[in-house]
Amino acid sequence: MGGGAAVVTAATTPYSHLVDPNRKWYNNRRLIALNAWIVLLLITSSTNGYDGSMMNGLQSLDQWNGYFNNPTGGRLGLLNAIQNIGSLAAYPFAPYLSDGIGRRPTIFLGAAIMCIATVVQTASQSVGMFIGARFLIGFGLTFAANAAPMLVTELSYPSYRAPLTSTYNSLWYSGAIIAAWTTYGTFKINSTWAWRVPSALQGLPSVIQICLIWFCPESPRWLVSKGKDAQALKTLAYYHADGNEEDPLVRYEYDEIKAALDFDRTVVANVGWKSLFTTAGNRKRMRIIIAIAFFSQWSGNGLVSYYLNKVFDGIGITDPTDQLLINGILQIWNLAWALVASFMVDRIGRRVLFLSSGIGMTIFYTLQTALAGHFQNSGNPDSAHGVIAFIFLYYAAYDLAFTPLIVSYTLEILPFHLRAKGFNVFNFTISLSLIFNQYVNPIALKSIQWKYYVVYCCWLVFETIFLYFFVVETKNRTLEETAALFDGDEAVDTIAGHHAAVNDEKGSVNEHSIEK
């Protein structure tokens with residue numbers, strides 16, 4: 001089912017001959033402007049990454065632990081998990097806002113809520129106030145994180161869509177880097193500002209988005225879905241062809257969007273949540289989406305992402321300076337690998353990256369587990385150093401696919417009318433798995449220590465087998481072609497036929513005009 005299905009090379013991409021080879025991201029003024037707006041959308045992921053790394057760093061700060069009465073076990077799990085609980089509360093509303101009022105207003109709403117929540121978090125006077133603020137951060141983040149990556153993938157120039165959408169989740173680490181080094185820089189402040197400063201800086205990306213989001217273009221696909229065809233065509237032409245509405249690439253994109261939306265409405269009749277599971281193609285999509293969302297958080301990474309200090313305590317590295325320093329270096333390492341993988345997705349392909357990631361994680365996590373066990377039995381510092389080395393290698397493997405691809409792959413296999421709802425299911429699954437992780441991990445680590453790693457070693461074997469059988473290759477396809485891949489030949493033929501009919505009609509009109 002997944003074994004090498006639908007491999008498409010650049011030479012056979014239907015629109016490749018329509019792309020101007022001289023129009024590059026660095027030499028075309030309007031592409032530069034478009035990519036600048038996309039950067040504004042990408043920083044939504046930085047906010048999410050900042051939160052995870054900040055909470056990791058705060059646990060190493062005596063000032064934070066002392067102020068909140070040294071939380072452990074379930075209380076510590078709640079402090080970490082509450083952001084995702086807040087996200088769960090917003091999931092029923094996020095896709096309706098993204099599809100109803102548009103991508104930009106939904107991002108604005110999410111950013112505004114996060115700004116308010118950050119102020120409350122920074123000013124917290126009690127653990128209850130801190131927990132409430134983090135709930136609001138998660139609530140607002142859901143709206144922004146639902147709309148922003150969809151707008152990225154729906155606005156991008158075709159040649160850069162896959163790398164840019166993959167960069168979205170990779171920039172999780174940009175926020176993580178800032179948080180890690182901020183907590184490293186403030187831990188020597190002998191007051192509550194040691195943790196209040198990192199808390200305040202979490203709102204910076206949201207402030208920038210509030211100020212600039214209304215200048216960003218809206219999704220052409222959303223505009224067409226609302227009957228604003230002329231505005232959609234104008235947006236595509238302005239950014240993809242220097243304003244030329246008759247440019248062949250622009251006409252191809254516009255006609256294909258129209259054909260795909262017509263197919264969704266009239267042929268498949270995809271409406272409502274139930275439609276996510278009513279057809280074989282949609283069930284195939286949801287099986288992959290739910291699986292990779294769960295895998296992204298249940299591959300052992302949750303231990304290091306949220307409880308790195310507990311992992312280090314288990315191998316004898318207890319100095320807060322060393323813990324914070326390693327955390328900061330690890331985030332830079334992660335960002336580098338994730339960005340490299342982001343720009344290789346169309347060259348190497350999604351399937352190869354997913355399989356390489358699964359195999360690499362399994363190998364390195366198993367070796368990390370063996371060395372952690374050896375340290376517990378012998379106290380050998382070389383084993384502790386080996387654990388750190390394999391944590392870095394494990395994350396290099398993880399970052400090949402599960403950082404850059406999980407968002408971009410999810411968005412590209414969903415048709416427009418299911419994109420917001422399907423992406424919401426993806427985020428909902430991540431939040432559920434995170435909440436479980438954040439509650440269970442500290443309790444399990446405290447109870448059975450390094451033996452808990454064995455659970456993830458076994459799970460990683462299952463993940464790799466699943467990826468081999470079910471991940472479908474989608475490189476070098478447009479959004480509409482990729483979505484149609486899951487619905488069988490009928491969908492592909494319908495969209496292609498509609499597209500051909502439009503072109504024939506235009507040709508007839510042109511010939512008639514010439515004769516006259």
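What ranking of HIS240, HIS17 comes out by heavy-atom accessible area, probe 1.4 Å, highest first?
The most accessible residue leads, giving HIS17, HIS240.
Fully extending the segment from ASN22 to SER378, taken as 0.36 nm per residue of separation minus the present Cα-Cα distance, adds 122.0 nm. For region 417-487, the square roots a ≥ b ≥ c of the C-alpha gyration tensor eigenvalues yield an a/c of 1.5 or more together with a/b not exceeding b/c, which makes the shape oblate. Segment SER126..GLN231, full-extension length gain: 32.8 nm, with 0.36 nm per residue of separation and the alpha-carbon distance subtracted. Cβ-Cβ distance of ALA89 and VAL39, R₀ of 30 Å, FRET efficiency by 1/(1 + (r/R0)^6): the value works out to about 0.55.
Taking all protein chains as they are arranged and a probe of 1.4 Å, the heavy atoms of LEU355 leave approximately 30 Å² accessible to solvent.
Between ALA389 and ILE329, 0.36 nm times their residue separation minus their Cα-Cα distance comes to what? Each step should come with its number before you reach the end.
Working: separation 60, 0.36 × 60 = 21.60 nm, distance 1.21 nm.
The ALA389-ILE329 span can extend by a further 20.4 nm.
Please say if region 388-455 is rounded, prolate or oblate, where rounded means a/c under 1.5 for a ≥ b ≥ c the square roots of the C-alpha gyration tensor eigenvalues, and otherwise the choice is prolate for a/b larger than b/c and oblate otherwise?
Numbers: a/c = 4.72, a/b = 1.70, b/c = 2.78.
It comes out oblate by the Cα gyration axes.
Annotation: amide H-H contacts under 5 Å for LYS475 (H modelled 1.01 Å from N, sequence separation of 5 or more, or interchain): VAL8, ARG350. Going 7 Å from the Cα of ILE116 along its beta-carbon direction, which residues of region 138-159 have the amide nitrogen within less than 15 Å of the resulting point? In region 138-159, the label zone of ILE116 (backbone N under 15 Å from the point 7 Å along Cα→Cβ) covers 138-144. Can you classify region 426-465 as rounded, prolate or oblate using the Cα gyration tensor, where a ≥ b ≥ c are the square roots of its eigenvalues, rounded means a/c under 1.5, and otherwise it's prolate if a/b beats b/c and oblate if not? Judged from the Cα gyration tensor, region 426-465 comes out oblate (a/c at least 1.5, b/c at or above a/b). In order along region 150-167, the phi-based Karplus estimate (6.51 cos²θ - 1.76 cosθ + 1.60, θ = phi - 60°) of 3J(HN,Hα) comes to 5, 5, 4, 6, 8, 9, 4, 5, x, 5, 10, 4, 5, x, 5, 5, 5, 5 Hz; Gly and Pro are listed as x.
Computed from backbone phi, the HN-Hα couplings of region 385-400 come to 5, x, 4, 4, 4, 6, 4, 5, 5, 4, 5, 4, 5, 4, 6, 5 Hz, rounded to whole numbers (Karplus: 6.51 cos²θ - 1.76 cosθ + 1.60, θ = phi - 60°; Gly and Pro given as x). Rounded to the nearest Hz, the phi-derived 3J(HN,Hα) couplings of region 273-281 under the Karplus curve 6.51 cos²θ - 1.76 cosθ + 1.60 (θ = phi - 60°) are 5, 4, 5, 4, 10, 7, 10, 4, x, where x marks glycine and proline.
Measuring against 25 Å, Cα to Cα, the residue pairs LYS188/LYS310; LYS226/LYS475; LYS234/LYS284; LYS226/LYS274; LYS310/LYS451; LYS24/LYS475 contain LYS226/LYS475; LYS234/LYS284 as the ones spanning a longer distance. Rounded to the nearest 500, the helix-only mean residue ellipticity at 222 nm of the chain stands at -25000 deg cm²/dmol, with each DSSP H run of n ≥ 4 adding -39,500 (n - 2.57).
Model label points for ASP313 and SER356, set 7 angstrom from Cα along the Cα-to-Cβ axis, are 3.7 nm apart. Tell me, what is the FRET efficiency for ALA291 and VAL455 to the nearest 0.05, using R0 = 22 angstrom and their Cβ-Cβ distance as r? Using R0 = 22 Å, I get an efficiency of 0.80.
The values are calculated or read from the model by the stated rules, or taken from the named source; none is laboratory data. Source: prediction; values computed, not measured. In this analysis, Cβ positions are derived from the backbone assuming ideal geometry, glycine residues included, and neighbour counts consider all displayed protein chains. The area values use the complete protein model at the heavy-atom level, side chains included, leaving out ligands, DNA and RNA. Shrake-Rupley method; radii C 1.70, N 1.55, O 1.52, S 1.80 Å.
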